[in-house]
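A.B. asks: Here it is: the structure, laid out below.
The values are calculated or read from the model by the stated rules, or taken from the named source; none is laboratory data. Note that the structure is a prediction, hence the values are computed from the model and not measured. Positions of Cβ are generated from backbone atoms using ideal geometry, with glycine treated the same way; all protein chains shown enter the neighbour counts. When the accessible area is computed, the model is the full protein with side chains, heavy atoms only, and any ligands, DNA or RNA have been set aside. Shrake-Rupley method; radii C 1.70, N 1.55, O 1.52, S 1.80 Å.
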Amino acid sequence: MVRLRLDLAYDGSEFSGWARQPGRRTVQGELEQALGRILRLGEPATLTVAGRTDAGVHARGQVAHLDVPDDALAELDGNRGPLGVAERLAALVRRLGGVLPLDVRVHRVSVAPEGFDARFSATFRRYAYRVCDTAGGVDPLRRHEIVWHNRPLDLDALNAAAARLLGEHDFAAFCKKREGATTIRELRRLDWAREPGGVLVATVVADAFCHSMVRALVGSLLAAGDGRRPMEWPGQVLVRAVRDSGVHVAPAHGLCLEEVGYPPDAELAARAAATRRVRTLPVTGDAASAAGDAALQDE
């Protein structure tokens, strides 16, 4: 078997998320069908992805891996005889471009280094969330990637509120709880910038994310940014570690997975093993620790 790494992008507007679902159009479903067809696999292709994005969420820097038999790539040999590995992988990218729908593109396929796991070897995921607060609304040509907020937003207030959320915490207040999965995450970056055209972009980086975490964080920050809540409020919600009815999850289409980071090749296997281990948050006194699968991320 050979493990292939796929670097890809997609417009999530017409997908029911990444994960394969019966009777629904998904990114995973489209890709696995195309790969099985091109490589003529005897068994259905099974992709492992770095971040299982939710319905309507986009990706520009998604990563996935696929294990295929050694001889599967021979299906890509041209009429001039056997190709080298690099030529076969380039041919696979071209073939995928002709088979896949236009809202999902595979930019690169490579043989993964030993120990590589698209999901568990990742050291960080970087998302961007885009918001427009102009009175007239969003540029119609960008309406699928930018959310219109119908109140003026204060950039300084957004960043002051965001700073209170950084670090390793239990983000239970901003996650959809899943049985057996921890909500402890290390939020490494969360800040806002206003682009020349007026669009506000939040950059969010963490080791991993739990379900709806980024959009819930953004929803709380927008309330602080437009003055409906004090800038201290998102931090207060975080400390309580329980879902707050005042936190509204921001719409999916403003969110895009921009980048997935990995360690040097020699550290891939160790990183994957460490990620699989149960994580606990350091606590004092008799407080209970949270445990579960730290790498379970959905957005």
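A.B. asks: So how many residues does the range 11-60 have that are part of a loop (DSSP other than H, G, I, E, B), surrounded by fewer than 16 Cβ atoms within 10 Å (Cβ to Cβ) and among the small types (Gly, Ala, Ser)?
C.D. replies: 2
A.B. asks: Next question. Which numbered condition in (1) closer than 26 Å to residue 148 by Cβ; (2) open to solvent by 10 Å² or more (accessible area, probe 1.4 Å); (3) out of contact with any Leu (no Cβ under 6 Å at 6 or more places or on another chain); (4) modelled with pLDDT of 95 or more is the only one that residue 257 fails?
C.D. replies: All conditions are met except number (2).
A.B. asks: Output the residues belonging to the range 112-141 that are among the β-branched types (Val, Ile, Thr) and within 22 Å of the chain's Cα centre (by Cα).
C.D. replies: Once the filter is applied, which keeps residues that are among the β-branched types (Val, Ile, Thr) and within 22 Å of the chain's Cα centre (by Cα), the range 112-141 yields 123, 131.
A.B. asks: Among the residues of the range 157-175, write down those that are open to solvent by 10 Å² or more (accessible area, probe 1.4 Å), in a loop (DSSP other than H, G, I, E, B) and in contact (Cβ under 8 Å) with a residue 60 or more places away in the chain.
C.D. replies: Across the range 157-175, the qualifying residue is only 164.
A.B. asks: Here is a further query. Could you check residue 217 against (1) touching an Asp or Glu at 6+ places or on another chain (Cβ under 9 Å); (2) crowded, with 19+ Cβ neighbours inside 10 Å; (3) over 23 Å from residue 276 (Cα atoms) and say which number it fails?
C.D. replies: Residue 217 satisfies all of (1) touching an Asp or Glu at 6+ places or on another chain (Cβ under 9 Å); (2) crowded, with 19+ Cβ neighbours inside 10 Å; (3) over 23 Å from residue 276 (Cα atoms) except (1).
A.B. asks: Another one. Quick check on the range 125-139. Is at least one of its residues modelled with pLDDT of 95 or more, farther than 29 Å from residue 221 by Cβ, surrounded by 14 or more Cβ atoms within 10 Å (Cβ to Cβ) and acidic (Asp, Glu)?
C.D. replies: Scanning the range 125-139 turns up no residue that is modelled with pLDDT of 95 or more, farther than 29 Å from residue 221 by Cβ, surrounded by 14 or more Cβ atoms within 10 Å (Cβ to Cβ) and acidic (Asp, Glu).
A.B. asks: Let me ask you something else. Name the pairs: first residue in the range 137-156 and among the small types (Gly, Ala, Ser), second residue open to solvent by less than 100 Å² (accessible area, probe 1.4 Å), Cβ to Cβ under 6 Å, at least 6 apart or on different chains?
C.D. replies: none
A.B. asks: Report, ordered by the first and then the second residue, all pairs with beta carbons closer than 6 Å, sequence separation of six or more or different chains, a first member in the range 215-227 that is among the acidic types (Asp, Glu), and a second member that is open to solvent by 10 Å² or more (accessible area, probe 1.4 Å) and part of a loop (DSSP other than H, G, I, E, B).
C.D. replies: 226/151; 226/153
A.B. asks: Also: Any idea which of (1) in a loop (DSSP other than H, G, I, E, B); (2) farther than 22 Å from residue 260 by Cα; (3) touching a residue at least 40 places away in the same chain (Cβ under 8 Å) is the one residue 230 doesn't satisfy?
C.D. replies: It fails just one condition, (3).
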